[in-house]
Amino acid sequence: MMDMVWNVIDATLPTSIKASGDPFNPDVTPVLLESHFEHPANDWRGPIRVSWHQGGSMPRSPREFIDLDAIGHGVMFQGSQGFLIADYTKRLLIPSGKNPDLSYYQPRARKDQLPPVGEFHQQWIDACKDPSLKTACDFEYSANMIEQMLLGLVAYRVGKKIKYDGATGKSPDTPEADAFMTKAYREGWSM
């Protein structure tokens, strides 16, 4: 589900991360986990906050009568005029603010909608055969998204909000977090 968010927000790596969840178990990631990531502004939007909930942790519903548990897996975007709750097949627009109103909203005609991304596996095979082709989620896109999710686990392990410098791969304010951002490789192997 993070891919739906990552694709829309056009993000780079977060600059700060905070997470909490189940008590630490060295054998597994926490089942119940809530992570919050602060992203800097880019050339078309201001700074944003991205949150990840798993294992029954849920964001607050924008309306009392909307049961987010009933929706299942999905994403929720909060904008200045409302919310968009979506999964891969459905969309729900919910107005909010001082004068909640969606009369301004005009859905795009089918011909103006973006086409489906397609089969990721086939994109990979096609790009291997023809290096001029690009996949919908190349290594940089995927690596940054995965790095964000792993940073959520680092903040969870440290137990407090951390800052992150993506250029150095370190936390400038929480040196204890750096221990979770690298590992010692066996002799003869290095990165």
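The values are calculated or read from the model by the stated rules, or taken from the named source; none is laboratory data. Predicted model only: the values in this text are computed from it and were never measured. Ideal geometry is used to build each Cβ from the backbone, glycine not excepted, and the neighbour counts take in all protein chains shown. Just the protein is used for accessible areas: all its heavy atoms, side chains included, with ligands, DNA and RNA removed. Shrake-Rupley method; radii C 1.70, N 1.55, O 1.52, S 1.80 Å.
Per-structure values
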| item | result |
| --- | --- |
| Accessible surface, 1.4 Å probe, highest first, among residues LYS111, LYS98 | LYS98, LYS111 |
| Relative contact order of region 41-166, pairs being alpha-carbon contacts under 8 Å that are 6 or more residues apart, as % | 9 |
| Rounded FRET efficiency, nearest 0.05, which uses the C-beta distance separating GLU38 from THR168 and R0 of 22 Å | 0.80 |
| Gain on full stretching of the segment that runs from GLU147 to ILE125 - 0.36 nm per residue minus C-alpha separation | 5.5 nm |
| Solvent-accessible area, 1.4 Å probe, carbon plus sulfur percent, for region 77-159 | 59 |
| Debye, to nearest 20: dipole size of region 1-153, +1 on Lys, Arg Cβ, -1 on Asp, Glu Cβ | 600 |
| Gain in span if fully extended, SER103 to ARG157, counting 0.36 nm per residue against the direct Cα distance | 14.9 nm |
| GLN81 versus GLU176: modelled label distance in nm, points set 7 Å from Cα along the beta carbon direction | 4.7 |
| Amide H contacts of SER16 (H built 1.01 Å from N, under 5 Å, at least 5 apart or other chain) | GLU38, TYR164 |
| Residues THR15 and LYS90, FRET efficiency given R0 of 30 Å [Cβ-Cβ distance, rounded to 0.05] | 0.40 |
| Dipole axis of region 1-130 (+1 Lys, Arg; -1 Asp, Glu on Cβ), positive-most option in ASN7, ILE125, PHE65 | PHE65 |
| Span-like helix ranges in the chain, DSSP H, alpha carbon extent 27 angstrom or more, Kyte mean at least 0.0 | 139-158 |
| Stretch gain in nm, segment ASP69-SER132, where the contour uses 0.36 nm per residue and the Cα spacing is subtracted | 18.4 nm |
| Cα→Cβ-extended label distance, 7 Å offset, between VAL31 and MET191, nm | 3.0 |
| 3J(HN,Hα) from dihedral phi, region 159-165, Karplus parametrisation 6.51/-1.76/1.60, rounded to Hz, x for glycine, proline | x, 7, 5, 10, 9, 9, 10 |
| For region 136-191 versus region 47-121, the gap between their alpha-carbon centres in whole angstrom | 29 |
| Computed Rg/Rh of region 1-65, alpha carbon atoms with Kirkwood Rh | 1.03 |
| Under 25 Å from the Cα of LYS160 - lysines, other chains or at least 8 residues apart | LYS18, LYS170, LYS183 |
